[in-house]
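Okay, so here's the structure we're looking at.
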Amino acid sequence: MRRYLNALACLLLGLSQTPSLVAQQPPAATLRKPRMDDTIKANVYADNSFKLYINGELVAVDSIKFVPHNVISVDILPTYPMTIAAMGIDNADPKTGMEYANTNIGDGGFILKLGDGTVTDASWKAKKISWGPVGGDTKNPRVESIPIPDNWYSVSFDDTDWPQAKEYSEETVGPKEPFFEHDFKGAKFIWSDDVLLDNIVLFRTTIKSPPDGKERIDFANLTNVVPQNPQRGGGPRRGPGGQRPPRN
Ligand SMILES: [Ca+2]
Ligand SMILES: [Ca+2]
């Protein structure tokens with residue numbers, strides 16, 4: 001039995017290497033399975049929290065909504081152009097816009113750096129969604145908000161009318177320790193025009209090509225192709241036509 005299987009494996013291997021069959025496959029570059037060294041790191045810090053979308057998909061959520069201030073660092077598989085959208089959330093009472101039992105107006109701040117050199121700066125768009133205490137009035141504090149636009153994080157969303165983000169210095173935002181333990185070199189803290197009163201802010205940018213100039217394979221269509229050299233062995237499942245499907 002084992003000899004028979006070995007012979008069959010050799011036959012299949014031989015077939016897969018015949019020039020006519022290889023020639024029918026799309027270029028290897030579009031087929032190779034992505035590896036971890038195809039990914040880049042996304043470092044994100046927000047005062048106080050954020051949600052991050054890339055090319056319309058939610059890729060990271062700040063796991064701590066208030067304090068301590070933390071850095072979220074995740075691996076992403078980049079494809080370009082890359083639409084990055086983020087919601088920055090400054091901790092604030094939804095009725096007063098203040099915090100710590102309505103004794104304090106907290107400040108916001110958002111900063112991001114990707115392993116391809118993408119950074120936050122004033123070229124990003126920033127749209128305030130909720131702000132307060134309106135006018136800085138802490139005696140009669142109240143909040144104003146506008147609806148979050150549908151599909152604001154999608155690739156096709158039109159942010160032409162959104163204002164530019166404003167950059168804030170490290171001194172103004174006052175990031176806490178985890179910030180200094182991660183790579184944010186070259187990135188700027190951004191927010192809308194009022195880093196104190198604006199409490200929910202949406203950000204968007206589109207990165208046309210990798211800022212570091214490095215050529216990267218586009219794996220966006222991976223689920224629609226058969227990767228080169230799929231792993232062999234494993235479970236008994238068979239795809240249509242009897243082939244063993246590549247394992248994911
Ligand atoms: Ca605030
Ligand atoms: Ca804050």
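Restricting attention to region 45-68, and to residues there that are within 30 Å of Pro227 (Cβ to Cβ) and not small (Gly, Ala, Ser), which single residue is surrounded by the fewest Cβ atoms within 10 Å (Cβ to Cβ)? I'd like the intermediate steps shown before the answer.
Start the filter on region 45-68 by keeping residues that are within 30 Å of Pro227 (Cβ to Cβ), which leaves 52-61.
From what is left, the residues that are not small (Gly, Ala, Ser) are 52-55, 57-59, 61.
Details: Leu52: 25, Tyr53: 19, Ile54: 22, Asn55: 19, Glu57: 13, Leu58: 11, Val59: 17, Val61: 14.
Within region 45-68, the match that is surrounded by the fewest Cβ atoms within 10 Å (Cβ to Cβ) is Leu58.
Restricting to region 178-223, what's the tally of residues that are assigned to a helix (DSSP H, G or I) and within 16 Å of ligand 2 (Cβ to nearest atom)? So that I can check it myself, show each step before the final result.
If we filter region 178-223 for residues that are assigned to a helix (DSSP H, G or I), which is where we start, we get 178-180, 222-223.
With within 16 Å of ligand 2 (Cβ to nearest atom) added as a condition, the list becomes 178-179.
Number satisfying all stated conditions: 2.
With over 15 Å from Leu52 (Cβ atoms), outside the structural domain of Leu222 (by TED's automatic domain parsing), β-branched (Val, Ile, Thr) and within 13 Å of ligand 1 (Cβ to nearest atom) as the only criterion, which of Thr96, Thr160, Thr79 stands out? Explain how you work it out, then say what you get.
Details: Thr160 fails: within 13 Å of ligand 1 (Cβ to nearest atom); Thr79 fails: within 13 Å of ligand 1 (Cβ to nearest atom).
Every option except Thr96 fails the conditions.
Consider only pairs whose beta carbons are under 6 Å apart and that are at least six residues apart or on different chains; among these, list those whose first residue lies in region 101-123 and is within 29 Å of Pro133 (Cβ to Cβ) and in the same structural domain as Phe179 (by TED's automatic domain parsing) and whose second residue is acidic (Asp, Glu) and in a loop (DSSP other than H, G, I, E, B).
These pairs meet every condition: Gly106/Asp90; Gly108/Asp47; Gly108/Asp90; Gly109/Asp47.
Looking at (1) surrounded by 19 or more Cβ atoms within 10 Å (Cβ to Cβ); (2) within 13 Å of ligand 1 (Cβ to nearest atom); (3) assigned to a loop (DSSP other than H, G, I, E, B); (4) not acidic (Asp, Glu), which is the one condition that is false for Gly88?
Among (1) surrounded by 19 or more Cβ atoms within 10 Å (Cβ to Cβ); (2) within 13 Å of ligand 1 (Cβ to nearest atom); (3) assigned to a loop (DSSP other than H, G, I, E, B); (4) not acidic (Asp, Glu), the lone unmet condition for Gly88 is (3).
When you scan region 105-147, how many residues do you find that are touching a Ser or Thr at 6+ places or on another chain (Cβ under 9 Å) and either within 14 Å of ligand 1 (Cβ to nearest atom) or farther than 21 Å from Tyr45 by Cβ (or both)?
Final tally of qualifying residues: 18.
Restricted to region 86-129, and to residues that are within 16 Å of ligand 2 (Cβ to nearest atom) and among the hydroxyl-bearing types (Ser, Thr, Tyr), which residue is farthest from Lys208 (Cα to Cα)?
Across region 86-129, the extreme among qualifying residues is Thr103.
Going by what's in this entry, would Thr83 be described as outside any strand (DSSP E or B), away from ligand 2 (no atom under 16 Å from the Cβ) and not charged (D, E, K, R)? So that I can check it myself, show each step before the final result.
Values: outside any strand (DSSP E or B): no; away from ligand 2 (no atom under 16 Å from the Cβ): yes; not charged (D, E, K, R): yes.
Taking the combined requirement at face value, the residue does not satisfy it.
The values are calculated or read from the model by the stated rules, or taken from the named source; none is laboratory data. All of these numbers come straight from a predicted model, not from anything done at the bench. In this analysis, Cβ positions are derived from the backbone assuming ideal geometry, glycine residues included, and neighbour counts consider all displayed protein chains.
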